[in-house]
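Have a look at the structure below before the remarks.
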Amino acid sequence: MAGTPEPRTIGALLDDCEGGHRLTEAEGALLLRARGREVHAIAGAADRARHERAGDAVTYVRNQNINVTNVCINRCGFCGFSRRAEDPDAFRLAIPDVVLKARQAAERRATEICTVSGLSPEFDGDTYCAIIRACREGAPDVHIHASNPMEVAYGAGRSGRTTEEQLGLMREAGLGSLCGTAAEILVDEVRDRICPGKCSSAEWVRIITEAHGLGIPTTATIMYGSGESVDDRARHLAVLRGIQDETGGFTEFVPLSFVYPRTPLYLAGRAPPGATGVEDLLMIAVARLFLDNVDHIQASWVKLGLKMTALSLLAGADDLGGTVFEERISAEAGGTGTDYLAPEEMARLAADLGRPLRQRTTLYGPVDPR
Ligand code: SF4
């Protein structure tokens with residue numbers, strides 16, 4: 001019909017994208033819906049974009065998690081980690097224990113300590129600062145990658161501060177960067193279903209933007225595969241790209257595939273058993289093409305398993321994430337083999353792809369051999 005544009009084929013869209021066209025949200029959704037051989041074409045284009053933007057090295061960070069408590073006032077439907085204070089397996093580390101754990105991380109030559117915990121009714125804004133100071137005390141030279149916008153909002157609210165004030169105090173305590181988790185899906189209808197107790201999309205965006213404004217870099221994440229639509233995923237990517245255009249404060253994008261077996265949502269029959277392999281691959285590949293302003297796309301071996309991680313590194317990802325000493329969050333949700341991946345195993349995986357393995361800092365700088 002005259003005047004009606006032909007629907008674009010995925011091949012034509014990928015050609016345009018490689019020529020510098022910026023994908024629209026609707027085009028992102030179109031790519032996320034691809035099936036069959038089109039998946040190969042998208043993965044191939046994403047792999048070429050990865051080569052151009054991030055080079056060929058497969059990077060990783062030597063890091064250790066410190067989960068200070070699993071006691072949480074929330075019950076997010078996708079979370080198998082949180083406990084009530086009276087549960088027999090509830091735990092809370094005292095501050096001296098955090099110092100000891102941080103010291104252990106330094107002894108393991110970790111360059112990053114990552115702390116994320118439940119929203120304990122005993123915590124306030126000062127607790128988050130005390131945890132960061134304890135990490136500093138135990139590991140003065142190690143980068144502290146701590147908390148997320150939900151924890152910032154919680155701490156600020158408990159101490160009667162603005163989130164910007166809370167972030168400023170955490171930075172003074174030694175925070176190096178903020179985790180971009182708690183993003184889940186940045187569409188409020190989805191959040192109302194999977195995590196009604198969490199901060200809203202707008203609040204997450206505001207706190208991340210405040211962090212970037214204060215010079216605190218963050219990661220960007222998505223937690224996908226718990227029943228949201230492809231359009232929701234594309235919306236989420238568009239929100240992240242908009243923030244990055246404004247601030248440039250995202251170090252990397254980390255897609256987190258829903259680990260389902262022991263989560264309330266799945267056990268209640270209100271979520272599918274996670275994303276499929278094709279969805280995992282497309283999440284990585286489309287993110288690489290869509291987020292033209294984010295240099296690094298991480299394949300999280302904790303969520304994907306090693307074989308899917310290898311394929312993701314052929315479909316746009318350049319980073320493996322961390323060695324992750326002491327992973328608990330995915331393990332409690334029913335994930336297996338989530339605690340510690342040795343650099344030797346990473347080297348085998350990278351060699352299999354014909355690419356070098358390189359250790360990085362949290363902010364993607366080189367690591368001094370020690
Ligand atoms: S995801 Fe975080 S806030 Fe939600 S229940 Fe789990 S620990 Fe609590």
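What follows draws every value from the coordinates through simple rules; no lab data is involved. As the structure is a computational prediction, the values presented were derived from the model and not from experiment. Ideal geometry is used to build each Cβ from the backbone, glycine not excepted, and the neighbour counts take in all protein chains shown.
Computed quantities for the displayed model
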read-out: Tabulated pairs, region 72-92, first closer than 13 Å to E122 by Cα and touching a residue at least 24 places away in the same chain (Cβ under 8 Å), second more than 7 Å from the ligand (Cβ to nearest atom) and assigned to a loop (DSSP other than H, G, I, E, B), C-beta under 6 angstrom, 6+ apart or interchain; value: I73/P121
read-out: Scan of region 345-366 for residues that are over 22 Å from the mean Cα position of the chain (by Cα) and aliphatic (A, V, I, L, M), ordered by number; value: A347, A351, L353
read-out: Filter result for the condition that a residue is within 18 Å of V68 (Cβ to Cβ), touching a strand residue (DSSP E or B) at 6+ places or on another chain (Cβ under 8 Å) and within 16 Å of the ligand (Cβ to nearest atom), over A146, A105; value: A146
read-out: Selection within region 246-275 - part of a loop (DSSP other than H, G, I, E, B), touching a helix residue (DSSP H, G or I) at 6+ places or on another chain (Cβ under 8 Å) and exposed (fewer than 14 other Cβ atoms within 10 Å of the Cβ); value: G248, P273
read-out: Residue list for region 87-102, filter: in a loop (DSSP other than H, G, I, E, B) and either among the basic types (K, R) or within 16 Å of the ligand (Cβ to nearest atom) (or both); value: D87, D89, A90, F91, L93
read-out: Candidates E122, E151, E137, filtered to the one that is among the charged types (D, E, K, R) and more than 16 Å from the ligand (Cβ to nearest atom); value: E137
read-out: Test result for V116, within 16 Å of the ligand (Cβ to nearest atom), in contact (Cβ under 8 Å) with a residue 60 or more places away in the chain and closer than 20 Å to G321 by Cβ; value: yes
read-out: Residues (small (G, A, S) and either more than 9 Å from the ligand (Cβ to nearest atom) or under 14 Å from I297 (Cβ atoms) (or both)) located in region 48-79; value: A49, A54, G55, A57
